[in-house]
Amino acid sequence: MESHMRPAVIKLGGSLLFTEGGELREEYVKSFLASLKKYSEASDRKIVVVVGGGKVARRYIEVGRRLAVNESLLDEIGIQVSRLNASLMHTAFYGTLPLVPDTLRRLHELVNLGMKVIFMGGLQPGQSTTTTAALAAESLGAELIIATDVDGIYTEDPKKHPEASFLEEISVGELKRKFVSEQRAGEYRLIDLYALNIIQRGRIATYVLNGNPPDRIFRVLSGEREKYTRITFG
């Protein structure tokens, strides 16, 4: 990975935080925060953790859709859930009231104030939290880690197709051709078109990996070799 002094943005997928039944994985949250604290104490690097809405957001959105709520408003509901998740993690990490930025300007204010670890959720309707993470990484000149519940990017969804091949490297262009289609509020995809466009224009060093156990994330940030997919710009 890049210089250890560059900021890093970690997109923490909702699939890591919640069970299929929508229960918060309390032990995972404890383990992630402990690993984050250990890494932060040993490094000068600033860390931004962008938290997804997970199953809880999708459940609210599903009910809202049945109640004829429009997609923009459903997006806003999903954003609020992601910010609630970020608020929990901030409070557990710092032991204070949550301080969760809701704009890139506010994110930069907190960075400039010297906050070393910042937790945030979504920013605006029509964007996934992966897009939020890409925007945060681009604006800060940071590396981006997309932590999910599979080892990286495969030729097909490995949960549905066990024979799928793991990709150590894939270009933005290939990802666009392979995986991107229209997205509605609350839908889960590993990565979306907006995020890919930002990664490409900002030439953001991006790694997709399994965030369980969370130590894997911080070993990669420390320059240790782990299994991940690197996204290139060709």
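Straight-line reach from Lys178: which aspartates and glutamates have a Cα under 12 Å away, not including same-chain ones fewer than 8 places off?
Within the straight-line limit of under 12 Å, Lys178 reaches these aspartates and glutamates: Glu156, Asp157, Asp192.
Once fully extended, how much extra length lies between Asp44 and Thr96, figured as 0.36 nm per residue of separation less the alpha-carbon to alpha-carbon distance?
Details: separation 52, 0.36 × 52 = 18.72 nm, distance 2.17 nm.
The span from Asp44 to Thr96 would gain 16.5 nm if fully extended.
Suppose all protein chains stay in the model; what accessible area per residue would a 1.4 Å probe give for region 1-141, in Å²? If you can, show how the numbers build up before the last one.
Details: 6690 Å² over 141 residues.
On a per-residue basis, 47 Å².
Where the centre of each part is set by its Cα atoms, how far does region 116-185 sit from region 1-79, in angstrom?
Each part's Cα centre sits 13 Å from the other's.
Straight-line reach from Lys46: which lysines have a Cα under 25 Å away, not including same-chain ones fewer than 8 places off?
Lys11, Lys30, Lys37, Lys38, Lys116, Lys227
What FRET efficiency do you get for Glu156 and Phe233 if R0 is 25 Å and r is their Cβ-Cβ distance, rounded to the nearest 0.05?
On the way: r = 23 Å, r/R0 = 0.93.
The computed FRET efficiency comes out at 0.60.
Any aspartates and glutamates with Cα under 13 Å of the Lys159 Cα? List them, leaving off those in the same chain fewer than 8 positions away.
Asp149, Asp151
State the percentage of accessible surface on region 85-234 attributable to carbon and sulfur atoms; use a 1.4 Å probe and exclude ligands, DNA and RNA.
Values: 3380 of 6990 Å².
Ligands and nucleic acids excluded, carbon and sulfur reach 48 percent.
Sum -39500 (n - 2.57) across every DSSP H segment of at least 4 residues in the chain, then divide by the residue count to get the 222 nm mean residue ellipticity, nearest 500.
On the way: 9 runs with 104 residues, N = 234.
-13500 deg cm²/dmol, from helical runs alone.
What nm value, rounded to one decimal, do you get for the distance between Glu76 and Leu104 when each label is placed 7 Å out toward the C-beta?
Label-label distance for Glu76 and Leu104, simple model: 2.3 nm.
If we sort 112-119, 74-81 on the protection proxy, mean other Cβ atoms within 10 Å, highest first, what's the order?
The most tightly packed comes first, giving 74-81, 112-119.
The values are calculated or read from the model by the stated rules, or taken from the named source; none is laboratory data. Nothing here was measured: the structure is a model prediction, and the numbers come from that model. Every residue, glycine among them, receives a Cβ derived from its backbone with ideal geometry; neighbour counts consider all protein chains shown. For accessibility, only protein heavy atoms count, side chains too; no ligands or nucleic acids. Shrake-Rupley method; radii C 1.70, N 1.55, O 1.52, S 1.80 Å.
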